[in-house]
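Peer 1: Just passing along the structure, written as structure tokens.
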Amino acid sequence: MHNAALAELGLAGEWSYEAIEVAPDHFASRVRALPREGFVGANVTVPHKLAALALSDMASDAASAIGAANTLSFAGGRVVAENTDAIGFLDALPDPPKGERVLVLGAGGSARAVVWTLVTGGAEVAIWNRTPAGAEALASEFGARIVKPNRADGVLPVGNQDVIVNATTVGMGASSDQGADLRSLPIDADALGDRHQLVDLAYGAVDTELVRAARARGARVVDGLEVLVRQGAASLRIWTGLDPPIEVMRQAVRADEWQANSDPDT
């Protein structure tokens, strides 16, 4: 995705994007070495997002408020931390969230970015988490509220929600048991309809069960690949100072996922 964008921008001859695996106990030293090796920045994924913020010399307001960083840039001998999970999520939404009633599933790192973005954007946010204490802590920190499944049927009331965001890991990868992913979430798929919008941060080579169920019932859907493209584009803008070619990035990431799903050796 990033290399396709760099080629489109005419930077492929001098820029490249590569994956680097690093153990948590070597993370800080590895990051500090990157500028000397010619890197202008880095994306950071789990489990390093908290460590990325902690080692930075400067941090954006978003990264500081969320408490995690997924993008680092190196300039003038300093490590600057940013969180493009937040802006990536916001850019993937077809409309601003102001005034929307939003149910967020999950209370981990991705959920933190989503809840902060929604609350600061004027949405009314309710949080469910498998561990209630996690939902309570997140809601208290960012000014949201918690929601619990109905005692009678064990499912969450979604009828009065405008947007449902799955910020859990449920749906990552293909399930061998059709419907198993849906059973892992307290959501009655039949309650979804054309008045709802679903944003599923999980992504893989095929649509998640939740995405398929929502689409089948007429809900508007933003899938995890679109959010991935948008946060990647935000990172690229920070590093290059150029407007990223969104459609090129979108086509590249979806082609990669299609190939992964089609390749019997993957």
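The values are calculated or read from the model by the stated rules, or taken from the named source; none is laboratory data. Keep in mind that this is a model prediction, so the values were computed, not measured. As a convention, Cβ positions derive from the backbone with ideal geometry for all residues, glycine included, and neighbour counts pool all protein chains shown. Just so you know, the surface numbers come from the protein's heavy atoms only, side chains and all, with ligands and any DNA or RNA stripped out. Shrake-Rupley method; radii C 1.70, N 1.55, O 1.52, S 1.80 Å.
Peer 1: Which entry in (i) 6, 24, 25, 17, 14, 10, 4, 0, 0; (ii) 7, 31, 37, 21, 4, 0; (iii) 7, 28, 35, 23, 7, 1, 0 matches P(r) over Cα pairs in 10 Å bins from 0, in percent derived from the coordinates of this structure?
Peer 2: Label of the calculated value: (iii).
Peer 1: Kindly report the accessible area of the chain per residue (heavy atoms of protein chains, probe 1.4 Å, no ligands, DNA or RNA), in Å².
Peer 2: Result: 49 Å² of accessible area for each residue.
Peer 1: Follow-up. Just subtract the alpha-carbon distance of residue 9 and residue 40 from 0.36 nm times their residue separation and send over the number in nm, one decimal.
Peer 2: The residue 9-residue 40 span can extend by a further 9.5 nm.
Peer 1: Along the three principal axes, how long is the stretch 43-144 when you take its alpha carbons, biggest first, rounded to the nearest angstrom?
Peer 2: Sorted largest first, the three principal extents are 43, 30, 19 Å.
Peer 1: Determine the dipole magnitude for the stretch 50-106: charges of +1 sit on the beta-carbon of Lys and Arg, -1 on that of Asp and Glu, nothing else is charged, the reference point is the Cα centre, and the result goes in debye to the nearest 20.
Peer 2: 100 debye
Peer 1: What dipole magnitude, in Debye to the nearest 20, does the stretch 1-139 give about its Cα centre under +1 on Lys/Arg Cβ and -1 on Asp/Glu Cβ?
Peer 2: The calculation lands at about 320 debye.
Peer 1: Please give the per residue volume of the convex hull enclosing the alpha carbon atoms of the stretch 22-92, rounded to a whole number of Å³.
Peer 2: Given the Cα convex hull of the stretch 22-92, per-residue volume reads 88 Å³.
Peer 1: Another question, if that's okay. Full-extension gain between residue 64 and residue 33, please, as 0.36 nm times their residue separation minus the C-alpha to C-alpha distance.
Peer 2: Result: 8.8 nm gained on full extension.
Peer 1: Let me ask something else about it. Give the accessible area for residue 203 in Å² (nearest 10); use a 1.4 Å probe, count only protein heavy atoms, and leave out ligands, DNA and RNA.
Peer 2: 80 Å²
Peer 1: Just order 221-227, 88-94 by mean Cβ neighbour count inside 10 Å, highest at the front, would you?
Peer 2: Output ranking for 221-227, 88-94: 221-227, 88-94.
Peer 1: I've got another one for you. Could you pull out which residues in the stretch 203-234 have an amide N less than 11 Å from a spot 7 Å beyond the Cα of residue 184, following the Cα-Cβ vector?
Peer 2: Counting only backbone N, you get 203, 209-210.
Peer 1: Please check which bits of the stretch 181-199 a label hung off residue 155 would reach, taking the label as a point 7 Å along Cα-to-C-beta and the cut-off as backbone N under 15 Å.
Peer 2: 181-194, 196
Peer 1: When you count, for each residue, the other Cβ atoms within 10 Å and take the mean per peptide, how do 52-65, 32-45 rank with the highest first?
Peer 2: Highest mean packing first, the order is 52-65, 32-45.
Peer 1: Between 157, 29, 93, whose Cα lies farthest towards the positive end of the dipole of the chain when Lys and Arg beta carbons carry +1 and Asp and Glu beta carbons carry -1, centred on the Cα centre?
Peer 2: 157
Peer 1: What is the packing order of peptides 105-111, 18-24, 95-101, taking the mean over residues of other C-beta atoms within 10 Å and listing the highest first?
Peer 2: The densest-packed peptide leads the list: 105-111, 95-101, 18-24.
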